[in-house]
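Take this structure first; my questions come after.
The values are calculated or read from the model by the stated rules, or taken from the named source; none is laboratory data. Computed from a predicted structure; not experimentally measured. Neighbour counts run over all protein chains shown; Cβ positions are idealised from the backbone, glycine included. Just the protein is used for accessible areas: all its heavy atoms, side chains included, with ligands, DNA and RNA removed. Shrake-Rupley method; radii C 1.70, N 1.55, O 1.52, S 1.80 Å.
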Amino acid sequence: MDPRHSAQDVHRCDLCETAIVHSYCDFCHVNLCKPCVVDHISDGYDKHKIVPFQERRSTLIFPKCEIHSHKNCEFQCKDCNNSLVCSSCTASEQHRGHIFVDISTVYKAKKENIEKDTEELVNTLSPKYEEIARDLENQLANLDGGYEKLTTTMSKQGEQWYREIDIIINKMKTEISEIQVKHRDILQKHLNEIKQIQSLIKQTLLAIKEIEKSTEVSPAIKYNSKIREFSKLPPKIEVSLPTFIPKPIDREKLYRLFGQIAPLSATEENTLLLNQPTTSVRDLLDEPELVATIQTGHEKLRNVTCLNNGSIWTSGETNDIKCFNSKGSLLQTIKQKSGIFPIDIAVDSDGDLLYINGITKTVYKVKNGQTEKLIRLQGWGPRNLCVTSNGDLLLTMYNDDYTQSKVVRYSGSTEKQTIQFDDKGKPLYSGNNNTKYITENRNHDICVADWAAGTVVVVNQGGKLRWRYTGYPSFTKNRSFKPFGITTDSQSRILTADSDNHCIHILDKKGQFLRYIDDCDLKDPWGVCVDNNDNLFVCEFYKGNVKKIKYSKLLL
């Protein structure tokens with residue numbers, strides 16, 4: 001057993017390593033027994049500070065003053081960038097009228113902060129990082145297996161293609177064999193007919209020779225010439241061989257037909273949301289209330305987005321974008337130079353307006369009254385957009401031949417993530433240029449209202465499919481579910497506009513239907529948004545009105 005420790009882990013002297021500790025040198029940080037104290041200070045070093053062991057580490061060691069070397073700095077000068085000063089410095093002309101703070105007070109506050117940091121590092125942050133590291137290590141450990149599974153799947157697909165090609169070749173060979181039989185039959189039939197005529201000619205020649213040799217009158221008189229008959233030669237039959245016309249191999253088309261490799265999707269999930277503010281609990285009202293109706297003057301009102309100050313931006317099928325306050329007064333109008341109406345609008349984390357121009361395939365930003373290009377697409381057309389809680393931009397888009405759709409995440413103008421296929425390589429969204437409004441939920445799920453598919457598609461932050469919603473059975477809703485605008489509230493509820501049935505569907509974050517908003521005299525709802533107080537703003541497409549609806553209440 002180590003002689004410096006007993007069963008109760010009694011502290012021993014660091015010098016002799018046997019006697020029980022009695023004192024402590026606060027400068028050298030060593031444990032000392034009574035006899036060893038004298039030995040420790042016998043070196044003549046004047047900085048030793050011997051204190052009772054129970055009061056160890058209680059003596060502050062102040063730095064020496066650079067100007068007055070015989071004094072310690074025991075103060076901070078607030079007017080000199082918190083520089084350390086001694087008592088002589090405080091009385092000097094250089095620091096006349098300055099404010100000083102006792103350095104021991106600052107030290108105590110710093111030590112308290114250090115203790116808090118230590119506690120948070122040990123108890124909260126380190127375990128979190130360990131958890132993240134374990135997750136990454138597990139991903140790395142499974143990486144080779146995952147890619148091996150991927151290549152095995154591709155190899156199986158290749159084997160299936162080989163089998164299908166063999167089937168096609170064998171089927172063609174069978175067809176060729178059948179054609180060969182028919183070819184042979186045609187030639188053989190005509191050959192038989194020729195041989196039959198040849199036989200008749202031989203018989204005729206034999207009869208003629210007999211007549212020529214004979215002097216009998218009757219056979220010669222009865223002879224009828226068959227030259228005319230034999231002169232009608234049969235047509236020459238020539239049956240051409242079938243030909244195989246190989247199609248040119250289109251490697252690009254084969255690549256597409258063989259399958260698709262879903263692109264690598266790397267996202268940075270917010271795993272350390274330790275200081276995320278709590279949200280008050282809000283319950284749905286039994287009957288939603290119409291709070292206000294704002295007449296925008298837009299023709300065919302499409303889009304609405306909320307600002308933090310309670311005002312809203314709106315746009316329709318005209319080239320102007322209008323801002324209204326909560327009372328419905330027009331505050332500002334922005335006109336697109338191209339004269340084409342904006343496909344969608346949003347507001348970024350700085351309160352600046354974003355909008356899509358479908359003709360130029362560009363997302364524009366309006367900052368301080370100046371319009372600038374933010375994102376310009378090539379080969380794809382932008383459809384709808386939203387801004388996430390961390391300031392990223394999510395953009396739905398379609399390719400130029402209207403066969404594919406996807407969601408792309410941008411940080412500024414830089415592409416960070418593409419979401420297009422599920423785990424089985426199947427498209428998540430319908431391939432067309434139809435409306436696909438998009439929003440981010442409070443739990444960072446990405447929600448897309450796919451109008452053409454009649455589906456709300458929800459994936460997690462990493463792009464993995466969570467669920468799909470295709471409507472709720474109802475005897476009063478006679479038209480098919482075709483979602484337009486989509487938004488979320490503080491409770492992670494999802495609200496989407498069902499224009500054909502003149503209502504709003506409210507879902508929970510797991511995709512379960514909660515209720516309709518089908519009163520408030522809603523007509524042709526299109527774009528939607530929710531403000532910080534969970535008030536719902538709904539565009540009425542043909543009327544050009546925005547209706548503000550209260551649909552939830554705080555639970556006390």
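If you roll a 1.4 Å probe over the heavy atoms of the protein chains, what accessible area per residue do you get for the chain, in Å²?
Result: 64 Å² of accessible area for each residue.
Let me ask something else. Treating the beta-carbon of each Lys and Arg as +1 and of each Asp and Glu as -1, no other charges, what is the dipole magnitude of the range 88-181 about its Cα centre, to the nearest 20 debye?
Roughly 180 debye, rounded to the nearest 20.
If you count, for each residue, the other Cβ atoms within 10 Å and average over each peptide, how do 80-90, 173-183, 323-333, 297-307 line up from highest to lowest? Working shown, then result.
Values: 80-90: 16.2, 173-183: 11.5, 323-333: 13.5, 297-307: 20.7.
In descending order of packing, they fall as 297-307, 80-90, 323-333, 173-183.
Using 7 Å Cα-to-Cβ label points, what is the Val181/Lys416 separation (nm, one decimal)?
6.8
Apply the Karplus curve 6.51 cos²θ - 1.76 cosθ + 1.60, θ = phi - 60°, to the phi angles in the range 241-247 and return the couplings in whole Hz, x for Gly and Pro.
The phi angles translate into 5, x, 10, 9, 9, x, 6 Hz.
Right, another one. What number comes out for the charge environment of Leu385, summing +1 per Lys or Arg and -1 per Asp or Glu over other residues with Cβ under 12 Å away?
Here the count lands on 0.
Tally Lys/Arg at +1 and Asp/Glu at -1 over every other residue whose Cβ is under 15 Å from the Cβ of Thr90; what's the total?
Every neighbour counted, the sum reads -2.
If R0 is 30 Å, what FRET efficiency do you get for Ile227 and Lys189 from their C-beta distance, rounded to 0.05?
The value I calculate is 0.70.
Taking the Cβ of Ser430 as the centre, find all other residues whose Cβ is under 10 Å away and add up their charges (Lys, Arg: +1; Asp, Glu: -1).
0
Here is a further query. Would you mind checking which residues have amide H under 5 Å from His502's amide H? H placed 1.01 Å from N; only 5 or more apart, or other chain.
Amide H neighbours of His502: Asp524.
Which listed residue (Tyr24, Tyr469, Ala141) has the Cα farthest towards the positive end of the charge dipole for the chain, taking +1 on Lys and Arg C-beta and -1 on Asp and Glu C-beta about the Cα centre?
Tyr469
Same structure, new question: Report the label-to-label distance for Thr174 and Leu284 in nanometres (one decimal), using points 7 Å from each Cα along the Cα→Cβ vector.
Result for the modelled spin labels: 5.9 nm.
So how do Asp79, Asp392 rank on accessible area, 1.4 Å probe, biggest first, that is with the largest at the start? Mind showing how you got there, number by number?
Numbers: Asp79 85, Asp392 10 Å².
My answer, sorted largest first, is Asp79, Asp392.
Say a paramagnetic label sat at a point 7 Å from the Cα of Thr153, along Cα to Cβ; which residues of the range 425-458 have their backbone N under 13 Å from it?
Counting only backbone N, you get 425-427.
Skipping prolines and chain starts, which residues have an amide H placed within reach, meaning under 5 Å, of the one on Leu374, given they are 5 or more residues away or on another chain?
When sequence neighbours closer than 5 places are left aside, the close amide H contacts are Val363, Tyr364, Lys365.
Sticking with this structure for a sec: Between Asp508 and Lys327, what is 0.36 nm times their sequence separation minus the Cα-Cα distance? Round to one decimal in nm.
Value of the extension gain: 62.1 nm.
May I ask you to list the lysines whose Cα is less than 30 Å away from that of Lys213, ignoring any residue fewer than eight positions away on the same chain?
The reachable lysines, counting only those whose Cα sits under 30 Å from Lys213, are Lys195, Lys202, Lys222, Lys226, Lys232.
Please say if the range 338-454 is rounded, prolate or oblate, where rounded means a/c under 1.5 for a ≥ b ≥ c the square roots of the C-alpha gyration tensor eigenvalues, and otherwise the choice is prolate for a/b larger than b/c and oblate otherwise?
oblate
Alpha carbon centre of the range 96-162 versus the range 511-543: separation in Å?
Measuring centre to centre over Cα atoms gives 41 Å.
What distance in nm separates the simple spin-label points at Ala91 and Thr371, each placed 7 Å from Cα in the Cβ direction?
Once both label points are built, they end up 7.2 nm from each other.
Determine, for each peptide in 218-225, 520-527, 48-55, 506-513, the mean count of other beta carbons within 10 angstrom over its residues, then list the peptides with the highest first.
Details: 218-225: 9.4, 520-527: 20.2, 48-55: 13.0, 506-513: 15.6.
Top to bottom by mean Cβ count within 10 Å: 520-527, 506-513, 48-55, 218-225.
Counting only protein heavy atoms and a 1.4 Å probe, tell me what percentage of the chain's accessible area is made up of carbon and sulfur.
That fraction is 51 percent.
Sticking with this structure for a sec: Report the full-extension gain for the segment Ile340 to Asp250: residue separation times 0.36 nm, less the Cα-Cα distance, to one decimal in nm.
Additional length available on full extension: 28.5 nm.
Relative contact order of the range 399-439: what whole-number percent is it, with Cα pairs under 8 angstrom and at least 6 residues apart?
Values: 41 pairs, mean separation 16.0, N = 41.
Contact order relative to length: 39 percent.
Report the FRET efficiency, 1/(1 + (r/R0)^6), for His70 and Glu112, where r is their Cβ-Cβ distance and R0 is 35 Å, rounded to 0.05.
So the FRET efficiency works out to roughly 0.65.
Under a point-charge model restricted to the Cβ atoms of Lys and Arg (+1) and Asp and Glu (-1), what is the dipole moment magnitude of the chain relative to its Cα centre, in debye to the nearest 20? Spell out each step's value before the answer.
Working: 74 positive and 73 negative charges, 630 e Å.
For this selection, approximately 3020 debye.
Going by a ≥ b ≥ c, the root eigenvalues of the Cα gyration tensor, does the chain fall in the rounded group (a/c under 1.5), the prolate group (a/b larger than b/c) or the oblate group?
Because a/c hits 1.5 or more and a/b exceeds b/c, the chain counts as prolate.
Could you list, in their original order, any pairs among Lys78/Lys111; Lys300/Lys482; Lys182/Lys236; Lys335/Lys548; Lys337/Lys373 whose Cα atoms are separated by more than 22 Å? Mind dumping the intermediate values first?
Values: Lys78/Lys111 19 Å; Lys300/Lys482 18 Å; Lys182/Lys236 18 Å; Lys335/Lys548 25 Å; Lys337/Lys373 13 Å.
Checking Cα-Cα distances, Lys335/Lys548 exceed 22 Å.
Classify the range 1-145: rounded, prolate or oblate, from the alpha-carbon gyration tensor (a ≥ b ≥ c, eigenvalue square roots; a/c under 1.5 rounded; otherwise prolate if a/b is larger than b/c)? Show your work: numbers first, answer last.
On the way: a/c = 3.14, a/b = 1.18, b/c = 2.65.
Judged from the Cα gyration tensor, the range 1-145 comes out oblate (a/c at least 1.5, b/c at or above a/b).
Pairs of Cα atoms under 8 Å, at least six residues apart: use those to get the relative contact order of the chain, whole percent.
9
Which of Pro234, Gly369, Ser42 sits farthest toward the positive end of the charge dipole of the chain, with +1 on the Cβ of Lys and Arg and -1 on the Cβ of Asp and Glu?
Positive-end residue among those listed: Pro234.
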